[in-house]
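For reference, the structure is listed below as structure tokens.
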Amino acid sequence: MHSDSNFPVVDPNLPNPMEAPRPGDTSPPRIVLNGVTKTFAIKHTQSMKETFVAKIRGKQTSSKFEALKDLTFSVPEGQSVAVMGHNGSGKSTTLKLLSGVMQPDGGWVRTRGTLGGLLEVGAGFHPDLSGRKNVYLNAAILGMSREEVDAKFDAIQEFAEIGEYIDTEVKFYSSGMYARLGFAVAIHTQVDTLLVDEVLAVGDANFANKCMDRLEELKERNTTMFIVSHNAKQVKRLCERGIVLDHGRKAFDGPIDEAVEFMREHNRR
Ligand SMILES: Nc1ncnc2c1ncn2[C@@H]1O[C@H](COP(=O)(O)OP(=O)(O)OP(=O)(O)O)[C@@H](O)[C@H]1O
Ligand SMILES: [Mg+2]
């Protein structure tokens, strides 16, 4: 893991022009995180026996790890935000808190409107069910009715480009096929806020371009987006704002070009 302490920390009390709603927009923000902290327990033993022996010897059997530290930001309606940072900096954890899969230990998270997206490739897919059944299952989890999925099924299947594999159990899919189907479902649901965690990196170049086009379309329809990506070109095209995390803290928050430049500077050191 990267251990660079050259990163600054953004003072949460400073006003952030990126958080102002657009002129004429009176709606409250789509996302607010306030002083959010997330701690994980890391186990140092792997079996009951090891734990028992370690306890007798007075050794620590687990320690605490702060994955997010005092994280504060808000996202106005219709904004696209890229979340950047080194491996382990807390990007996926932030998305999981937004989606409600996890709760913070300190501070609070609020979201307004419907929320969906793709947090992990194949999350919510059942290995023993066919692609078709998984589309229905996955879409139901994202809040779509059977009728809605019926209406969109062809579009989803076409977007995923997996052909007759749609009726094969997904455990036989390649990871690219998995990603394409998952992404196809996620971007055919209508949500106010779309969360995307690095899935753009999984498909081939052709599919990635298609996803980018679709995301741009959703953006034009005023969807708020929160995208984790290591791809500077993609985030520059899609996002107006970039938040850089470093060891669970916000190290930069501002216009996307500056955020990408900030990452570059710090990678050079
Ligand atoms: N359930 C968990 N239990 C223990 N530690 C965890 C858990 N989830 C995440 N972590 C730790 O929290 C830190 C942040 O993880 P996170 O997945 O948010 O990083 P990330 O920025 O998404 O990294 P990457 O770029 O590799 O995807 C990491 O050190 C990770 O090991
Ligand atoms: Mg991650």
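Bear in mind these aren't lab numbers, they're just calculated from the coordinates by the rules spelled out. Quick caveat: nothing in here was measured; it's all calculated off a predicted structure. Reconstructed Cβ throughout: ideal geometry from the backbone, glycine too, with neighbour counts over all protein chains shown.
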* Asked: How do 53-63, 211-221, 22-32 rank on mean C-beta neighbours within 10 Å, highest first?
  -> 211-221, 22-32, 53-63
* Mind pulling up the Rg/Rh value for segment 1-100? Radius of gyration and Kirkwood radius, both on Cα. => 1.14
* After finding the eigenvalues of the alpha carbon gyration tensor for segment 27-78, what semi-axes result from the square roots of 5 times each, listed largest first in whole Å? -> 41, 10, 5
* To do: Take every DSSP beta bridge whose two residues both sit in the chain, then give the antiparallel share in percent to the nearest 5.
  => 55
* To do: Using the Cα centre as the reference, give the magnitude of the dipole from point charges on the C-beta atoms of segment 11-71 (Lys, Arg: +1; Asp, Glu: -1; all else neutral), rounded to the nearest 20 debye.
  => 620
* **Least to most buried among HIS44, HIS188 (fewest other Cβ within 10 Å first)** => HIS44, HIS188
* To do: Would you compute, from DSSP H runs of 4+ residues alone, the mean residue ellipticity of the chain at 222 nm, taking -39500 (n - 2.57) per run and dividing by the full residue count, rounded to the nearest 500?
  => -11000 deg cm²/dmol
* Asked: If you project the alpha carbons of segment 46-192 onto their three principal axes, what span does each projection cover, largest first, in Å?
  -> 60, 42, 27
* Charges only on Cβ, +1 for Lys and Arg, -1 for Asp and Glu: so what's the dipole of the chain about the Cα centre, in debye to the nearest 20? -> 1180
* For the chain, would you read off the P(r) tail past 29 Å as a percentage of all alpha carbon pairs? => 38
* Computed magnitude of the charge dipole of segment 45-184 (debye, nearest 20; Cβ of K, R +1, Cβ of D, E -1) -> 1000
* Structure fact -> Among THR94, VAL191, GLY242, the residue whose Cα sits farthest towards the positive end of the charge dipole of the chain (+1 at Cβ of Lys and Arg, -1 at Cβ of Asp and Glu, taken about the Cα centre) is THR94
* Shape box of segment 122-269 [Cα atoms, principal axes, largest first, Å] -> 49, 31, 28
